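I'd like to ask you about the structure that follows.
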Amino acid sequence: MVLGDVGFLAEIYSQEDNTGFMPKRTDIHKILVIGSGPIVIGQACEFDYSGTQACKALREEGYCTLLVNSNPATIMTDPETADIVYIEPLTVPVLERIIEKERPDAILPTMGGQTGLNLATDLYREGILDRYNVELIGVRGESIQVAEDREDFKEAMTEVGLECPRSYAVTSLEAARDIVDEIGLPAIIRPSFTLGGTGSGTAYNRQDFDEMVERGLKQSPVDEVLVEESVIGWKEIELEVMRDADDGFVVVCSIENFDPMGVHTGDSITVAPAQTLTDKEYQIVRDMARRVMERVGVETGGANVQFAIHPETGRTLVIEMNPRVSRSSALASKATGFPIAKIAAKLAVGYCLHELPNDITKETPASFEPTVDYAVVKIPRWHMEKFPQADASLGTQMKSVGEVMAIGRTFIEAIQKGASAREDGRDGLFDPEAAEASPEEIRHRLIEPNPERLFYIIPALDAGMSIKEISELTYIDPWFLREIDELRPLRDALAGSPLEAISRDLMREAKRAGMTDALIARLVRPAVGELDVRAYRKRLGVLPVYSRVDTCAAEFPAFTPYLYSNYESVCESDPTDRRKIVVLGSGPNRIGQGIEFDYCCTKASFAFAEMGFETIMINCNPETVSTDYDTSDRLYFEPLTLEHILNVCDLEKPEGVIVQFGGQTPLKLVKRLADAGVPILGTSPDAIDLAEDRERFGAFMQEIGLPMPEHGTARSVEEAFEVAERIGYPVVVRPSYVLGGRAMAIVYDEGDLDHYIRSAVKVAEDTPILIDRFLEDAFEMDVDCVSDGQDVRIAAIMEQIELAGVHSGDSACVIPTVMVGEEALEKIRDYTRRLARALHVVGCLNIQYAMKDGEVYVLEANPRASRTIPYVSKSTGVSWARVACQVINGHTLDELKVPDEPRLESYCCKEVVLPFIKFPGEPAILGPEMRSTGEVMGMDASFGMAYAKAQMAAGNSLPTSGTVFLSVNDRDKEHLIPIAQELADMGFSLVGTRGTAAYLRERGLAIETVLKVSEGRPNGVDMIINGELDLLINTPLGGRAFSDEHVLRQVAVAQAVPVITTLSGAQAAVQGIKALRTRDIEVKSLQEHWRLNVQV
Amino acid sequence: MSEEKQGMLVLEDGSVFVGHSMGAEGEWVGEVVFDTAVTGYQEVITDPSCWGQMIVFTCPHIGNVGVNFEDVESKQPYARAVIARKICAQPSNWRAKQSLPEYLSEAGVPALSGVDTRRLTLTLREEGIMRGALSTVNLDGERLLKMAQNAPDMSVLSPVDEVSLSEETVWTQKLPRKWIKYVDYGGGSHKGTPHVVVVDCGVKYNILRHLATLGARVTVVPANSTAEAILAQEPDGVLISNGPGDPEQVPEETMIAIRELMGKVPIFGICLGQHLIALAAGARIFKLPFGHHGGNHPVQNLKTGEVAITSQNHNYAVDPDSLEDLPLEVTHINLYDGTVQGIRHREWPVYAVQYHPENSPGPHDSLYVLEDFVASLCEKEPAAS
Ligand SMILES: Nc1ncnc2c1ncn2[C@@H]1O[C@H](COP(=O)(O)OP(=O)(O)O)[C@@H](O)[C@H]1O
Ligand SMILES: Nc1ncnc2c1ncn2[C@@H]1O[C@H](COP(=O)(O)OP(=O)(O)O)[C@@H](O)[C@H]1O
Ligand SMILES: [Mg+2]
Ligand SMILES: [Mg+2]
């Protein structure tokens, strides 16, 4: 055998002797993959990435893939991904229907997060798998039980000689109190079987303890909490491991938490590989992980095992294991280039690791442990500003909504890159605001873990605190702190120096430490622009190079151009001279910008590849499909900042950059990119600016004669009152400089406005606020369309169930429209075409309308693919992102034969999910500021059933009998009558608060009065807790004082009793309930729905 | 920052690498190899097999956990130089006793930090192992290039002499139980205290620790011991250890001894030990372009089909074609490149592995190899009824 003989593996495997060759299974053909449902905190795009990979992998092997997920925004629910797709609620009865209809041979439950596993467990427990003869692959039912039930898990670990923190499961507060006497405080409290640590926390005193136990008991689906010994401050280490049927075992990646035990890994900055363990210590955790895998019984797949290690004794405890792909496995895949989900899917159908190739090196097998020659840092992205009344400190329950990953040659380079990638205005670890903090403030920020803590380390060092002191306050390992400390002399060398005085060596050193051009620009004196630094840096010849993520630290050649920048000396990018385009991704998930945009970017990349282009993706979100190394021809895993995008463009010289699929992230940069000479494809940068700048847009609308709500701009407090007075209250106010509905409010009177100006925003010459007339009781419509510059095709007109005033991203919505008359629809079509033409849109355009008293107003226009593109695409069966790419590339809509406003034979209803359960303290109400994290879709021939399915999928199953609680504001009372009547006719008992009950009773309805919380007991809250209420209809009383309702809603959220906060929502719910009472839920695949659409 | 001491490494092909000097001061020549292990730099640099080698760690952060006095594989660092992207001067680990730079300085080993080790690794991968010259005192590239080109090639050195013990010693230290607590090992399926004589060509302590832990009585003898001397110890088995350099340069006495011992006493070889057994049996070996140095190589046991992740550290491989007419067969292969990772004599209890079952650094997956060896030297337990 000759060394380097490429065919040798094939040769060995073809012998089929005792080399352990195990071909894939041929006794199964159709495999059901369960998705993870809507995006919620703790379960995000990573499962779309994993599920999509799994489907691709199984298809590649010739299996028929059947996919179920309720989330239409995913790539996995695209028929290009799976053979048969069901967008249906993820509940046991629905799954049973699908299984009955499709008769899969096997279920792969490990791709859908906790949701997928829980569902599979239920199907298994209820005997449904047996009944239909479906096999669980990838993990066994017993294994799920052992891994997921903390008590069973601990017992299993003890059995094989592994230690867990001491803990006891209890089902009552009394029992819990006994336990805490033994283990002491602080203690960790965790409800069993919840996601992302929902309801868990650390109790430092007895009172907290009692409260947390009680809350936890309620939140646990099995009414059980675990009371556990605290190991706060210990090192937290995770291993991502895989095991095959031949007992092959590999660790794909080790991950060390920068924020040690006590801060959920999902909220921790994490670093790969682990940095502070010796080989001896690391091998212990590796051995332990292997033992955990063996004992739990994961034989064919991946898992995540978490450990706590005492920083002074090395005592090592097992914290938990997840026998499935996870957020960390997605991170590990991106961090190493080892596609865990794909390989897990192949192991599940019978392959062994050594029978599968490593895609990146091609010539070596997947039975190896990736080794990296760089450092990877993940930094979570929080969105606490959206929940100002919730506790913003970090603990054992996850609160972040997204994350960025950054790759650097060293830790410091990676963490600085990561800090500049989160789009929170920072350009690295140097935070000018934190630098001003007082010593007390700094200490406070360090002691209690919080999203800003990272940025107070440098100020603490500057203030003279020692590494030891900081480490004692934060438990952060001194190694990390010292690395950060090394930035300070570098900063001092740059600070105050004239730009041109920076030597080439110093510049290179700064860049190697991850210092951004933007940071250098503000450090030098006189301060200069970021592009000045760029120009000077280029003159010095300090240019980035790109290294490949190759799984093997350069031991073998890498065939995949998965690249990251650094300031070393070899560039491995190897650009081609093909026709190429760059797609800018959407960065970290946050509220308002999530998976929908990743769907669009991924589809855009596929579309351009189809048209013969080389596709180049830039993105920094490790959870996504777009950052899978085989989504695009080339992947640059980089922050989406001007500096990094220009660097890639300088090197690749693309024909054009596509900015309209990545949400606001690329749009914000368009102007500066265009000014720097980057060719922007699609709608022109100026048209984008015109639509984005609300002041310019208002003037433009007037010019082209389209109606908008009356509006004005205020540059001072006095002016604000004047404008509001002129327009007339209520008004919608927002700062002009914040995007995405941030700090937006509806203001009913002068007092409100005064309060808003003083608490929420700053009004000044350069930071004006925008004031619009608030259209009360208006219907809101959303339109997505595509234009080729001449023609326009409407993708869909969506009707929001909630009235204007509730952010469109937080409202349920339906296609086709239900309530809007033909006349208004015609106006909407006409306005849409006129606006698209006037803006010379090439590609996607989204317009929001409000309809009041028969008049249609434009609320705003987004010159890009919107959040609703995937939902509209799944509804209509047309891939609108793809169409947009085709017109961007010069095709006409006529030539492409794109249908206009395709007619649907089913109602497609979207519902959102809100994260209030993670933010106790925050009023659970809807408003003009978006706060939902994800969405689901229900489809049916009737609107009522589609809505009911959407509610079910969102976890608010509508009751078909029982008691409804009614409490609405005065404006809504009249419209409540028919709703209450219908509910009563269907046999529901009605209860209501005093005013509402009296009003309805006067009109002849039977309704009992219940007390408000402030009125005494028993009240509504007691009834919820006692399980006496099945549905709440509660519209906000307006104004400010609603602490009463707040408590009520909060308890309802915690008890999972559906709450409807708008009358239009209540109307839809009534229709949904009617549908549920008259017939069973039908399930239909997307393909079946679309076939119907086409027939008409 | 900029006032830091500089050092320069020049390869024989003229490639130049500059970094901060953090270890000993002076000038050295050596063979430059890259190692992909992520953990265990201390074990790597104290492994006698790396005598004469300037080790490039592909893992960018080296030294984070400092140095302690337990995790050593010999009495001193044997690496000729340590080269990394970033060497840590202030370690953080509860067992750390010293920083890596201090340790290396005291031992007279240079260390270069800040080096673009990715370029260096790519160069070695493409061009193969090269000689290099490193200086921290005179950074004249031309001069260093000449030094590198004039440096003796490994194939003319015989470093085993440098690292082998000069006198026989009894080894009793066992592995602290805590390090192997979570692996199924030493399960006690064998009884007795077989006597293992280890021929020290540069043996790693962990081999000895494991033998002792497994219940063997261990005597370490110099590499140049004769067969008679070894047999005089009345060994139940002989282990030919790992060690540095070109296997063909190992003293003739060792080869003769192995040849004579075969068939008389069970022999087991590790790494260089495998080369020597193969050579003694008449096989050929060849030099790999850039060797195998790291802890993540998949090795398949051809008999059971099992794949283990192994620790590797060698530049030479047994030529499988040369085994054709010999009584040797291949038992293990490396799934990265198909190279021979284990051999066995068809008739006699003579066998060897190329990788490091004793790990250190690296995974514990192959400890069964050592266990099987010791067990094979014991009286068999009567089969349980
Ligand atoms: N006993 C404990 N003491 C202190 N912190 C803990 C303890 N157990 C868990 N944690 C913290 O809580 C987080 C969540 O716990 P984990 O068991 O991983 O649950 P989840 O299923 O939410 O991931 C961990 O990442 C860790 O930081
Ligand atoms: N003039 C208005 N009258 C009534 N509701 C409005 C008005 N302007 C905005 N809204 C509500 O606020 C939400 C967010 O406003 P929008 O302009 O779409 O901002 P964003 O950029 O956050 O999408 C809309 O979905 C709508 O419900
Ligand atoms: Mg966890
Ligand atoms: Mg909007």
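The values are calculated or read from the model by the stated rules, or taken from the named source; none is laboratory data. Because the structure is a prediction, the values reported are computed rather than measured. All Cβ positions, even for glycine, are placed from backbone atoms using ideal geometry, and neighbour counts span all protein chains on display.
Residue check: is residue A:390 aliphatic (A, V, I, L, M), within 24 Å of residue B:86 (Cα to Cα) and away from chain B (no Cβ under 14 Å)? Lay out the reasoning, then the answer.
Details: aliphatic (A, V, I, L, M): yes; within 24 Å of residue B:86 (Cα to Cα): no; away from chain B (no Cβ under 14 Å): yes.
Here the answer is no, as residue A:390 does not meet what is asked.
Here's a follow-up. Need the failing condition index for residue B:195 against (1) closer than 21 Å to residue B:244 by Cα; (2) touching a Ser or Thr at 6+ places or on another chain (Cβ under 8 Å); (3) not polar (S, T, N, Q), just the number.
With respect to (1) closer than 21 Å to residue B:244 by Cα; (2) touching a Ser or Thr at 6+ places or on another chain (Cβ under 8 Å); (3) not polar (S, T, N, Q), residue B:195 is out only on (1).
Please state which one of A:727, A:618, A:704, A:645 is β-branched (Val, Ile, Thr) and within 16 Å of ligand 2 (Cβ to nearest atom).
Only one candidate qualifies: A:727.
Now a separate question. Mind checking whether some residue in segment A:138-150 is touching a Cys at 6+ places or on another chain (Cβ under 6 Å) and either at pLDDT below 95 or within 16 Å of ligand 2 (Cβ to nearest atom) (or both)?
For segment A:138-150, residues touching a Cys at 6+ places or on another chain (Cβ under 6 Å) and either at pLDDT below 95 or within 16 Å of ligand 2 (Cβ to nearest atom) (or both): absent.
Would a scan of segment A:380-388 turn up a residue that is of a type outside the set (Phe, Trp, Tyr), closer than 22 Å to residue A:457 by Cα and in contact with a helix residue (DSSP H, G or I) (Cβ under 7 Å, 6 or more places away or on another chain)?
Yes - at least one qualifying residue is present in segment A:380-388.
Since residue A:95 meets every condition but one in (1) outside any helix (DSSP H, G or I); (2) surrounded by 22 or more Cβ atoms within 10 Å (Cβ to Cβ), which condition does it not meet?
(1)
Which of the residues that make up segment B:339-350 are more than 12 Å from chain A (Cβ to nearest Cβ) and either surrounded by 24 or more Cβ atoms within 10 Å (Cβ to Cβ) or of a type in the set (A, V, I, L, M, F, W, C) (or both)?
Passing the criteria: B:341, B:342, B:343, B:348, B:350.
Starting from segment A:226-247, keep only residues that are small (Gly, Ala, Ser), then list their pairs with residues that are within 15 Å of ligand 3 (Cβ to nearest atom) whose Cβ atoms are within a distance under 6 Å, requiring at least 6 positions of separation or different chains.
Listed pairs, sorted by first residue: A:230/A:188; A:233/A:260.
Quick one: count up the residues across segment B:207-217 that are in contact (Cβ under 8 Å) with a residue 40 or more places away in the chain and surrounded by 24 or more Cβ atoms within 10 Å (Cβ to Cβ).
The qualifying residues number 5.
Report yes if some residue within segment A:203-225 is closer than 19 Å to residue A:152 by Cα and within 14 Å of ligand 3 (Cβ to nearest atom); otherwise report no.
no
Just a yes or no: is a residue in segment A:197-206 away from ligand 2 (no atom under 16 Å from the Cβ) and modelled with pLDDT of 95 or more?
No.
Only one of B:231, B:239 is buried (at least 24 other Cβ atoms within 10 Å of the Cβ) and either touching a helix residue (DSSP H, G or I) at 6+ places or on another chain (Cβ under 8 Å) or more than 18 Å from residue B:316 (Cα to Cα) (or both); which?
Going through B:231, B:239 in turn, just one is buried (at least 24 other Cβ atoms within 10 Å of the Cβ) and either touching a helix residue (DSSP H, G or I) at 6+ places or on another chain (Cβ under 8 Å) or more than 18 Å from residue B:316 (Cα to Cα) (or both): B:239.
Is one or more of the residues making up segment A:455-471 within 29 Å of residue A:397 (Cβ to Cβ), surrounded by fewer than 19 Cβ atoms within 10 Å (Cβ to Cβ) and among the acidic types (Asp, Glu)?
yes
Among the residues of segment A:552-568, which ones are within 11 Å of another protein chain (Cβ to nearest Cβ) and part of a loop (DSSP other than H, G, I, E, B)?
Residues satisfying the conditions are A:553, A:554, A:555, A:556, A:557, A:558, A:567, A:568.
Table: residues versus (1) within 24 Å of the chain's Cα centre (by Cα); (2) within 16 Å of ligand 2 (Cβ to nearest atom); (3) closer than 29 Å to residue A:121 by Cα.
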site	(1), (2), (3)
A:224	no, no, yes
A:227	no, no, yes
A:231	no, no, no
A:235	no, no, no
A:238	yes, no, yes
A:256	yes, no, no
A:260	yes, no, no
A:266	yes, no, yes
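So, residue A:811, is that one within 16 Å of ligand 4 (Cβ to nearest atom) and under 25 Å from residue A:788 (Cα atoms) or not?
It is false that residue A:811 is within 16 Å of ligand 4 (Cβ to nearest atom) and under 25 Å from residue A:788 (Cα atoms).
Out of (1) under 18 Å from residue A:1066 (Cα atoms); (2) part of a strand (DSSP E or B), the odd one out for residue A:797 is which?
(1)
Continuing with the same structure: Return a yes/no flag: does segment A:276-296 have any residue that is outside any loop (DSSP other than H, G, I, E, B), at pLDDT 95 or above, touching a strand residue (DSSP E or B) at 6+ places or on another chain (Cβ under 6 Å) and closer than 27 Å to residue A:419 by Cβ.
For segment A:276-296, residues outside any loop (DSSP other than H, G, I, E, B), at pLDDT 95 or above, touching a strand residue (DSSP E or B) at 6+ places or on another chain (Cβ under 6 Å) and closer than 27 Å to residue A:419 by Cβ: absent.
Among the residues of segment B:20-37, which ones are in contact with a helix residue (DSSP H, G or I) (Cβ under 8 Å, 6 or more places away or on another chain) and either within 12 Å of another protein chain (Cβ to nearest Cβ) or small (Gly, Ala, Ser) (or both)?
Those that are in contact with a helix residue (DSSP H, G or I) (Cβ under 8 Å, 6 or more places away or on another chain) and either within 12 Å of another protein chain (Cβ to nearest Cβ) or small (Gly, Ala, Ser) (or both): B:23, B:24, B:33, B:34, B:35, B:37.
Got a number for residues in segment B:291-337 being within 8 Å of chain A (Cβ to nearest Cβ) and either crowded, with 19+ Cβ neighbours inside 10 Å or of a type outside the set (Gly, Ala, Ser) (or both)?
Qualifying residue count for the region: 19.
Within segment A:569-601, which residues are within 14 Å of chain B (Cβ to nearest Cβ) and either in contact (Cβ under 8 Å) with a residue 60 or more places away in the chain or not acidic (Asp, Glu) (or both)?
A:569, A:570, A:571, A:573
If we keep just the residues of segment A:927-942 that are surrounded by fewer than 22 Cβ atoms within 10 Å (Cβ to Cβ) and not small (Gly, Ala, Ser), which is farthest from residue A:396 (Cα to Cα)?
Of everything passing the filter in segment A:927-942, A:928 is farthest from residue A:396 (Cα to Cα).
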